[in-house]
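Student: My structure is below; once you've seen it, I'll send some questions.
The values are calculated or read from the model by the stated rules, or taken from the named source; none is laboratory data. Here the structure is a predicted model, which is why all the values come from computation and not from measurement. SASA here: full protein model, heavy atoms, side chains in, ligands and nucleic acids out. Shrake-Rupley method; radii C 1.70, N 1.55, O 1.52, S 1.80 Å.
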Amino acid sequence: MAEQDTQVPTTLSRRAAIAAVAAAPLSTQLCPDATAGDEVAQLVQRAAAKNAAFMRGDMDGWLSHVHIASDFTLMQPFGGPASRGFNASPERLAELSRFFKNGETSLEVVQTHASDSLVVLVMLERQHAEVGGMPDQDWSLRVTEVYRKDGSEWQLVHRHADPLLHRISLQQAAALARDGREN
């Protein structure tokens, strides 16, 4: 079987690119439109590019790769309740730009699910960066993103991210559930 000559951004790992191409037949089976596999692969490439820009603190670059739906929900890796909507004001983007700096990323696609109007990307974002004034460290995340088609545009409607890439013990999970409090 001949390899396809596919150009992918440098932020997309070889494994993620292979996973995106492998997902195409599944997506095509679920979607009557033959371009569905291409659309999933493009969403994976956009996810890699937006993530790389975000971890560098390049919020203008990040925003150029993502279309956020008005009913967007976010479950942040820092915990807390889900947030709704997204504040893309220049002040908020500047704040985010100061918070995330000098990051490097790669994206591993674990699974994709697609229909004619929804795409779900299940990914591992492997990354390190300076976050919140802390020195550079690993900030890898488990991520699920849900995209909904609006006309010809795919909009990000939900993102859930957590830092639990490495297994934790039952006791550690219980402490997190208790918010660090003793019984």
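Student: How much of Asp179 can a 1.4 Å solvent probe reach, expressed as accessible area in Å² and rounded to 10?
Tutor: About 120 Å², ignoring ligands and nucleic acids.
Student: Provide the solvent-accessible area of Leu43, counting protein heavy atoms only and rolling a 1.4 Å probe, rounded to the nearest 10 Å².
Tutor: Probe radius 1.4 Å; accessible area of Leu43 about 0 Å².
Student: Continuing with this model, one more query. For Lys149 and Glu104 in one chain, what is 0.36 nm times their gap in residues minus the Cα-Cα distance, to one decimal in nm? Can you show the working numbers first?
Tutor: Details: separation 45, 0.36 × 45 = 16.20 nm, distance 2.92 nm.
Value of the extension gain: 13.3 nm.
Student: Full-extension gain between Arg84 and Gln171, please, as 0.36 nm times their residue separation minus the C-alpha to C-alpha distance. Write down the numbers at each step before the final one.
Tutor: Working: separation 87, 0.36 × 87 = 31.32 nm, distance 3.11 nm.
Computed gain between Arg84 and Gln171 is 28.2 nm.
Student: Same structure, new question: How much of Phe78 can a 1.4 Å solvent probe reach, expressed as accessible area in Å² and rounded to 10?
Tutor: Rounded to the nearest 10, the figure is 120 Å².
Student: Can you list, bin by bin at 10 Å, the percent of alpha carbon pairs in the stretch 49-183, starting at 0?
Tutor: 11, 37, 36, 14, 2, 0
Student: Right, here's the next one. Hey, if we sort Lys101, Lys149 by accessible area with the 1.4 Å probe, largest down, what's the order?
Tutor: Working: Lys101 90, Lys149 55 Å².
Descending accessible area places them as Lys101, Lys149.
Student: Provide the gained length on full extension for the span Leu118 to Leu164, in nm with one decimal, where the gain is 0.36 nm per separating residue minus the Cα-Cα distance. It would help to have the intermediate numbers written out before the result.
Tutor: Details: separation 46, 0.36 × 46 = 16.56 nm, distance 2.57 nm.
Contour length minus Cα-Cα distance gives 14.0 nm.
Student: Out of residues 5 or more away from His128 or on other chains, whose amide H comes under 5 Å of its own, with H placed 1.01 Å from N in the peptide plane?
Tutor: Glu104, Trp139
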